[in-house]
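Input: a single structure, listed below in structure tokens.
All of the numbers you see were taken from the coordinates with simple rules; none came from a lab. Please read all numbers here as calculations on a predicted model, not as lab measurements. Methodologically, a virtual Cβ is constructed for each residue, glycine included, from the backbone with ideal geometry; neighbour enumeration extends over all protein chains shown.
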Amino acid sequence: MSTKIKNFLNNFYQKLKPFKDIIWFLCLFLIFEFIWKLCVHVGDDERVLLVLGKDLTKYTEGMCLWTAESVYWFIHDLLGYHDFHINGNILQFKNSIPIEIVWGCTGLKQLFMFTFIIAFYFGPAKKKLWYIPLSLIILIIVNILRLAIIFLIIRNPFPEWFITVNEWYNNRTWSNTKENYIEFYKDWFNVFHRDIFTWLYYDGIIFILWLIWEEKINKPYLKLKGKVASAIANQIN
């Protein structure tokens, strides 16, 4: 390798060095997404969970039911919306369409993603043993709140301006029929469930938990490790 190439690579590395932490975080994020898309598939109705071609849907039924019951408790019992009903893992307000809580609603993917990222990220292994479980609990709670907020948003009919937006966003055609209304209502639900709140969950909560790990645990650990190494080197000298 020529001297010019070595100097170029060294300069390039020095420029990227201040951003190595966030770069590695993003790399782990993308690696997980690649592995997930490669190994995990869903059925046409998003109820079925296929991992490497094997149907594992039945193993998620308990978590789906627990998630539905938790959302019901929060909205019905804690907030006092008594027109909110539950039937198994199906939830709905009195005048809204029923929404079934399937495995994708449980935040299962995000739990695996965060575990993967922190497990392969820099930092003390012993602290990961308590930080990962604690963060998973936080993610589960946030997911319950996410679903509860979505149900409260769709409690009332979608606003008129959404018709025009949805015709463009989902390439729908408004015909003012019952079937068409339900189709638009589901799209109104999915704007928050599938799009807005999902990405806030990804880019917001997971990023914040990683940032706390990096700033409050990993960096202090590296500083302490450096001080100990310097003290040992001074004693030897």
> Relative to the longest principal Cα axis of the chain, at what angle does helix 61-72 sit, 0 to 90 degrees, rounded to 10?
Replying inline: 70
> Given a cut-off of under 8 Å on Cα pairs at least six residues apart, what relative contact order in percent is computed for the chain?
Replying inline: 15
> When the chain is fully extended, how far beyond the present Cα-Cα distance does TRP161 get from ILE196, taking 0.36 nm per residue of separation?
Replying inline: 10.8 nm
>> Using only Cα atoms and rounding to the nearest 10 degrees, what angle (0 to 90) does helix 3-16 make with the longest principal axis of the chain?
In response: 50
>> For region 140-179 and region 188-228, what is the centre-to-centre distance using only Cα atoms, to the nearest Å?
In response: 28
> Calculated FRET efficiency, LEU38 and GLU215, Cβ-Cβ r, R0 30 Å, to nearest 0.05?
Replying inline: 0.40
>> Within 10 Å of each candidate Cβ there may be at most 13 other Cβ atoms; applying that plus a DSSP loop requirement, which GluC sites (Glu not before Pro) in region 145-180 survive?
In response: GLU160
> Roughly how tilted is helix 125-153, in degrees to the nearest 10 and between 0 and 90, from the longest Cα axis of the chain?
Replying inline: 20
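What dipole magnitude, in Debye to the nearest 20, does the chain give about its Cα centre under +1 on Lys/Arg Cβ and -1 on Asp/Glu Cβ?
Numbers: 25 positive and 20 negative charges, 370 e Å.
So the dipole magnitude of the chain works out to roughly 1780 debye.
So what is the calculated 222 nm ellipticity per residue for the chain, using -39500 (n - 2.57) for each DSSP H run with n of 4 or more, over all residues, to the nearest 500 deg cm²/dmol?
Details: 9 runs with 133 residues, N = 237.
Rounded to the nearest 500, the figure is -18500 deg cm²/dmol.
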> Calculated FRET efficiency, THR173 and LYS223, Cβ-Cβ r, R0 45 Å, to nearest 0.05?
Replying inline: 0.15
